[in-house]
There are 2 protein chains.
Amino acid sequence: MRRARKQINQMPTPTVENYLKHILVLSLESGSTEVSMGRVAKELLVTPGTATSMVKNLSQGGWLNYYPRKGVCLTRKGKKLAMNILRRHRLLETFLVETLGLDWSEIHAEAEELEHAISEKVLEKLDQFLGRPRQDPHGHPIPTKGGVINRPSSQALINCKAGMKVRIDSIVDQESNFLKFAREKRLLPGQEVRILQHEKEADAITLQVGKGSPFSMGSRSSEKILVRV
Amino acid sequence: MRRARKQINQMPTPTVENYLKHILVLSLESGSTEVSMGRVAKELLVTPGTATSMVKNLSQGGWLNYYPRKGVCLTRKGKKLAMNILRRHRLLETFLVETLGLDWSEIHAEAEELEHAISEKVLEKLDQFLGRPRQDPHGHPIPTKGGVINRPSSQALINCKAGMKVRIDSIVDQESNFLKFAREKRLLPGQEVRILQHEKEADAITLQVGKGSPFSMGSRSSEKILVRV
DNA sequence: GTATAAACTTTGACTAATCAAAGTCAAGTA
DNA sequence: TACTTGACTTTGATTAGTCAAAGTTTATAC
Ligand SMILES: [Mn+2]
Ligand SMILES: [Mn+2]
Ligand SMILES: [Mn+2]
Ligand SMILES: [Mn+2]
């Protein structure tokens, strides 16, 4: 059913869009352009065999370069499309929270579907309507129309030393329960946080959000929160 | 990729949703519950063979009853889902025009994609945000959450007699150029129209919209405009 | 150096959706 | 009653995307 028309100007399928977007996010998170097949398969919740076969198609289509048993690396064309999907995803998340008032713990799944259905034209109107926001409700930067992300670098909360005073940049994890916890503790983008203690061997960090009461987090949680100094 | 989960609670695919919605619209337009395979195939832009095979699956799934060489007839379950898709479609169209300011001649295609990606939760918020509208920009009634359409009956403009004063109910055709023409002539839902002449054999009707200057339309066009007295 | 195991690829099978083309049916015409 | 024709169905093939399970490679351990 998906708009077929002629051989000409074949739209990428939602599956293609998802693979490219997730590969982009993985490469942004790791800081390396090359992403292993194992990570691709995990991220997309498919078996390794499926990932391999799909990645071969993507390579065929010029979306990425595939280095067998090494990994994949987006081409310029692939990165451009992936950035565009990411832009759609994050603008939609912003709309769902800002305009419709949905909870930030449930918007990710919604945007995951809508990002493949929204046209360039509607996207532009939406961007305008929202006042050209620069980040989504989780604090993630929204790529520009040109497909660029630029913003101050951030570090994981777990890497902060006692005594530091930082500001929350973004929440990496999209898992619903974690997002609910984060909101409850006021761990929201923009909030100021003071690091009270950080014992490396205890694998825990104690902090104070704004003027709230102090509490502790393990590394599992606190590596999912990015901050700036 | 489309959310697969377990065998449990399998979501209908966009294709299934499209078939059911179009069959519903065809049956509403014709006033008969039974719709022929030929019309189904035409409406969905697929070959007759494709329509037959798809309709068999839908029948298998309990969405409709298939009477070979006669046609199909939605079951209660099928009608309920179809009404729900129609609701999504028309609410989305309303949103695209009212909130984002898109042109009414281009929203149909957009909504055709978005209707399959929007969740029940987002739909409810959208309905609330829009102030629970009862009709879409083309004048079509928006089914209630319960899946019901009720509204005064309407007739085609072509069937009106000279001297009648009617009000435009809705525009049946979704074709972009026709919609542009309709707007140009102020043939919009709610507008008052006076029938000046109607010569059956000339296959033309002459009318005046509001206080505008009179003009004529053939039956091809004027049967696509529904009015109330 | 060989053994082991994790990571990856290949193979074979399956489902949903589609088309082209061949086949069938049923109405109306002669 | 037989013929013709348009509407419909069947058949066989194709594509995208997926999994299970078998096979291969490579890094590391011993
Ligand atoms: Mn997605
Ligand atoms: Mn986000
Ligand atoms: Mn649709
Ligand atoms: Mn409409």
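The values are calculated or read from the model by the stated rules, or taken from the named source; none is laboratory data. Computed from a prediction, not measured in an experiment: that's the story for all the values here. Heads up, the Cβs are rebuilt from the backbone with ideal geometry, glycines too, and the neighbour counts pull from every protein chain shown. All accessible areas refer to the heavy atoms of the entire protein, side chains included, with ligands and DNA or RNA removed. Shrake-Rupley method; radii C 1.70, N 1.55, O 1.52, S 1.80 Å.
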- Item | Magnitude of the charge dipole, chain A, Cβ model with Lys/Arg +1 and Asp/Glu -1, debye to 20 | 860 debye
- Message: What are the equivalent ellipsoid semi-axes of segment A:1-139, built from the alpha-carbon gyration tensor (square roots of five times its eigenvalues), in whole angstrom, biggest first?
- Response: 27, 18, 13
- From the phi of every residue in segment B:63-69, what ³J(HN,Hα) in whole Hz does the Karplus formula 6.51 cos²θ - 1.76 cosθ + 1.60 yield, where θ is phi - 60° and glycine or proline is x? 7, 7, 9, 10, 10, x, 6
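For the protein assembly as shown, what is the charge dipole size about the Cα centre, in debye to the nearest 20, if Lys and Arg each add +1 at the Cβ and Asp and Glu each add -1 at the Cβ?
The calculated dipole for the protein assembly as shown is roughly 300 debye.
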- Take peptide A:119-131, look around each residue's Cβ out to 10 angstrom, count Cβ atoms belonging to other protein chains, and average those counts. 3
- What is the Å³ per residue value for the convex hull set by the Cα atoms of segment B:155-228? 73 Å³
- Message: Going by average Cβ density within 10 Å per residue, which order do the peptides A:202-209, B:112-119, B:152-159 take, highest to lowest?
- Response: B:112-119, A:202-209, B:152-159
- Count the net charge of all other residues whose Cβ sits under 12 Å from the Cβ of A:H140, scoring Lys and Arg as +1 and Asp and Glu as -1. -1
- Message: List, shortest first and in nm to one decimal, how far the label point of B:E106 (7 Å from Cα along Cα→Cβ) is from its counterparts in the other copies.
- Response: 3.2
- Message: To the nearest 20 Debye, how big is the dipole of segment A:2-74 about its Cα centre, given +1 on the beta carbon of each Lys and Arg and -1 on that of each Asp and Glu?
- Response: 340 debye
- So how much accessible surface do A and B hide from each other in total, probe 1.4 Å, in square angstrom to the nearest 100? 2300 Å²
- Message: Can you find, among B:Q10, B:T50, B:S32, the residue sitting farthest towards the positive end of the charge dipole of segment B:2-74, where Lys and Arg contribute +1 and Asp and Glu -1 at Cβ?
- Response: B:Q10
- Put a label point 7 Å from Cα along the Cβ direction on A:Q208, then list its distances to the equivalent points in the other copies in nm, shortest first. 7.9
- Message: Please list the three semi-axes, largest first and in whole Å, of the ellipsoid equivalent to the protein assembly as shown, using sqrt of 5 times the eigenvalues of its alpha carbon gyration tensor.
- Response: 50, 26, 20
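Can you give the Rg/Rh ratio of segment A:2-74, where Rg is from the C-alpha atoms and Rh is the Kirkwood radius? Don't skip to the end; give the middle numbers.
On the way: Rg = 12.5 Å, Rh = 12.6 Å.
Result: Rg/Rh = 0.99.
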- Note on the structure: Restricting to lysines and to Cα separations under 27 Å from B:K180, and discarding same-chain partners fewer than 8 apart, the set is A:K6, A:K121, A:K125, B:K21, B:K42, B:K161, B:K165, B:K200, B:K211, B:K224
- Message: Measuring from the axis that superposes chain A on chain B, report the chain A residue with the minimal C-beta distance, rounded to whole Å.
- Response: A:A117, 2
- In whole percent, the fraction of accessible protein surface over segment A:96-145 that belongs to carbon or sulfur atoms, probe radius 1.4 Å, stands at 49 percent
- Task: Find the accessible area per residue for chain B; the probe is 1.4 Å, ligands and nucleic acids are left out, and the unit is Å².
- Result: 54 Å²
- Query: Shortest first and in nm to one decimal, what separations exist between A:S119 and its copies in the other chains, measuring from label points 7 Å along the Cα-to-beta-carbon line?
  - Reply: 2.6
- How many angstrom separate the Cα center of segment B:83-122 from the Cα center of segment B:151-210? 25 Å
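Could you please report the charge total around A:P152, scoring K, R as +1 and D, E as -1 over all other residues with beta-carbon less than 14 angstrom from its beta-carbon?
Working: positive: A:R134, A:R151, A:R167, A:R228; negative: A:D169.
Net charge in that neighbourhood comes out at +3.
Provide the net charge surrounding B:E43, with neighbours chosen by a C-beta distance below 15 Å and charges set as Lys +1, Arg +1, Asp -1, Glu -1.
-3
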- Item | Selection from B:L179, B:C160, B:I142, by position along the positive dipole direction of chain B (Cβ) | B:I142
